[in-house]
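First the structure, in the form of structure tokens, and then the observations on it.
The values are calculated or read from the model by the stated rules, or taken from the named source; none is laboratory data. As the structure is a computational prediction, the values presented were derived from the model and not from experiment. Cβ sites come from the backbone with ideal geometry, for glycine too, and all protein chains shown count toward neighbours. Calculation scope for accessible area: heavy atoms of the full protein, side chains included, ligands and nucleic acids excluded. Shrake-Rupley method; radii C 1.70, N 1.55, O 1.52, S 1.80 Å.
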Amino acid sequence: MAELVYPPVIGLARTMFKALDLRIDMRGTEHIPRQGGAVLVSNHIGYLDFVFCGLTARPAKRLVRFMAKESVFRHKVSGPLMRAMKHIPVDRAQGEQAYANALKALRSGEIIGVFPEATISPSFTLKNFKSGAARMAQEAGVPLLPMALWGTQRIWTKGRPRDMGRNHIPITIRVGEPLAADPDDPAANVTQRVKVRVQELLEAAQRAYPVRPRGPEDTWWVPAHLGGTAPAPAQVRSRDDG
């Protein structure tokens, strides 16, 4: 079936990124398979992460179907677009249907995009990974594609105003080699391996990032362990538990 909506949406996104003069440094796209199913696994630091993740598949002429919370599909603007692009709604109270839909797509040769932290990490460090991505890859017999984003939090993230000005914000993206998801391994072990790889890619992206905060008021987007003022993971957990 022809893709009537997804390619134009990608074109619009690329035009917007050009208008914003984003400096996108994207490496490792050769690891995206040109055919066959795969589960793309990324960290999650901003609301536009799915767009940047999707860009990594374009050199291979692939489209990524993302698993996203069901409320996005109820929105009068985003809902029709998400459905037309064949993304997969996730109702957290009834996740079995989303899992089954993702599995069917993987077996038909699609790339499924997953943020295994489930929500944006306010600390900009990795939260615990849920095991769904690993279990899907194991059951469908497809590889996991680890990747990491850095800089997307500066455009639009939880608790901060959007920055849609022409501020030349760099975006660094790193895609790693596919990881086999051995069905005989416990899903927890596979999940831990992919998390370690995403962490390595994240650190590589952070090292390659070409700018530093402009001053004390601009340190909010840097994790505490790197000298910034983003809340430390322990602070985030305490706030969520309170």
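Any chance you could look up the accessible area of ASP182 with a 1.4 Å probe, heavy atoms only, rounded to 10 Å²?
Accessible area, nearest 10 Å²: 70 Å².
Quick one: dipole size for the range 1-118, taken about the Cα centre, charges +1 on Lys/Arg Cβ and -1 on Asp/Glu Cβ, in debye to the nearest 20. Could the numbers behind the result be given before it?
On the way: 17 positive and 10 negative charges, 64 e Å.
So the dipole magnitude of the range 1-118 works out to roughly 300 debye.
Tell me what the chain gives for mean residue ellipticity at 222 nm when only DSSP H runs of n ≥ 4 count, each as -39,500 (n - 2.57), the sum divided by the residue total, rounded to 500 deg cm²/dmol.
It lands at -10500 deg cm²/dmol.
Between the range 21-68 and the range 91-130, how many Å separate their Cα centres?
14 Å
Determine how large the accessible area of VAL196 is when every protein chain is in place; take a 1.4 Å probe and give Å² rounded to the nearest 10.
70 Å²
Working with all protein chains in place, sort LYS18, LYS86, LYS195 by solvent-accessible area computed with a 1.4 Å probe, largest first.
Values: LYS18 165, LYS86 80, LYS195 45 Å².
So, going from the largest accessible area down, we get LYS18, LYS86, LYS195.
Which of rounded, prolate, oblate describes the range 1-136, given a ≥ b ≥ c as roots of the alpha-carbon gyration tensor eigenvalues and a/c under 1.5 marking rounded, otherwise prolate only if a/b is larger than b/c? Working shown, then result.
Working: a/c = 1.25, a/b = 1.17, b/c = 1.07.
Rounded, since a/c falls under 1.5.
Taking all protein chains together and a probe of 1.4 Å, list MET16, MET85, MET67 from the most accessible to the least accessible.
Values: MET16 75, MET85 15, MET67 40 Å².
Solvent-accessible surface, decreasing: MET16, MET67, MET85.
How would you classify the range 68-181 from its alpha-carbon gyration tensor, with a ≥ b ≥ c the square roots of the eigenvalues: rounded for a/c under 1.5, else prolate if a/b is greater than b/c, otherwise oblate?
Details: a/c = 1.86, a/b = 1.32, b/c = 1.41.
Here the range 68-181 falls in the oblate category.
Work out how much length ARG34 to GLU217 would gain on full extension: take 0.36 nm times their residue separation and subtract the Cα-Cα distance, in nm to one decimal.
Numbers: separation 183, 0.36 × 183 = 65.88 nm, distance 4.36 nm.
Residue separation times 0.36 nm, minus the Cα-Cα distance, leaves 61.5 nm.
Tally Lys/Arg at +1 and Asp/Glu at -1 over every other residue whose Cβ is under 12 Å from the Cβ of ALA188; what's the total? Present the calculation step by step, with values, prior to reporting the outcome.
Values: positive: LYS130, ARG135, ARG193, LYS195; negative: ASP185.
My count for the surroundings of ALA188 gives +3.
Once neighbouring chains are kept in place and the probe is 1.4 Å, which whole percent of the accessible area of the range 1-160 is contributed by carbon and sulfur? Show your work: numbers first, answer last.
Values: 4140 of 7490 Å².
With neighbouring chains kept in place, the figure for the range 1-160 is 55 percent.
When a/c reaches 1.5 or more, the comparison of a/b and b/c decides; with that in mind, is the range 21-71 rounded, prolate or oblate per its Cα gyration tensor? Spell out each step's value before the answer.
Working: a/c = 2.03, a/b = 1.11, b/c = 1.82.
The shape class here is oblate.
Could you give the size of the charge dipole of the chain about its Cα centre, using +1 on the Cβ of each K and R and -1 on the Cβ of each D and E, expressed in debye and rounded to the nearest 20? Please list the in-between numbers first.
Numbers: 34 positive and 22 negative charges, 140 e Å.
My answer is approximately 680 debye.
Hey, can you find the accessible area per residue of the range 131-171 for me, probe 1.4 Å, expressed in square angstrom? Could the numbers behind the result be given before it?
Working: 1580 Å² over 41 residues.
Computed with neighbouring chains in place, this is 39 Å² per residue.
Would you tell me the accessible area of TYR99, worked out with a 1.4 angstrom probe on the heavy atoms of the protein chains, in Å² to the nearest 10?
Looks like 50 Å² after rounding.
Name the residue, out of PRO170, PRO143, PRO213, whose mean-square fluctuation peaks in a Gaussian network model built on the chain with Cα pairs under 10 Å.
Residue with maximal mean-square fluctuation among PRO170, PRO143, PRO213: PRO213.
DSSP loop (so not H, G, I, E, B), at most 13 other Cβ within 10 Å: list which trypsin sites (Lys or Arg not before Pro) in the range 88-148 pass both filters. Write out the running numbers ahead of the final one.
Numbers: sites: ARG92, LYS104, ARG107, LYS127, LYS130, ARG135; in loops: ARG92, LYS127, LYS130.
Filter output for the range 88-148: ARG92.
Under 17 Å between C-alpha atoms is the cut-off here; go through the chain and count lysine pairs that meet it, provided they're at least eight residues apart or on different chains.
9
Could you work out the local net charge near SER78, counting Lys and Arg as +1, Asp and Glu as -1, over the other residues with Cβ closer than 13 Å to its Cβ? Intermediate values should be presented prior to the final figure.
Values: positive: LYS69, ARG74, LYS76, ARG83; negative: GLU70.
After counting each charged neighbour, the total is +3.
Taking the Cα centre of the range 96-177 as the origin, how large is its charge dipole in debye, to the nearest 20, when only Lys and Arg (+1) and Asp and Glu (-1) carry charge on their Cβ atoms?
Working: 11 positive and 6 negative charges, 71 e Å.
Taking the Cα centre of the range 96-177 as origin, the dipole is about 340 debye.
Check every DSSP H run in the chain and write down those whose alpha carbon atoms cover 24 angstrom or more along the long axis and whose mean Kyte-Doolittle hydropathy is -0.5 or greater. Show your work: numbers first, answer last.
Numbers: long enough: 187-208 (31 Å, -0.26).
Sorted by number, the helices that extend far enough and score high enough are 187-208.
Within a Cβ distance under 12 Å of GLY165, other residues only, what is the Lys/Arg minus Asp/Glu net charge? Don't jump to the answer; show the numbers that get you there.
Values: positive: ARG154, ARG162, ARG166; negative: ASP21, ASP163.
Computed value for this residue: +1.
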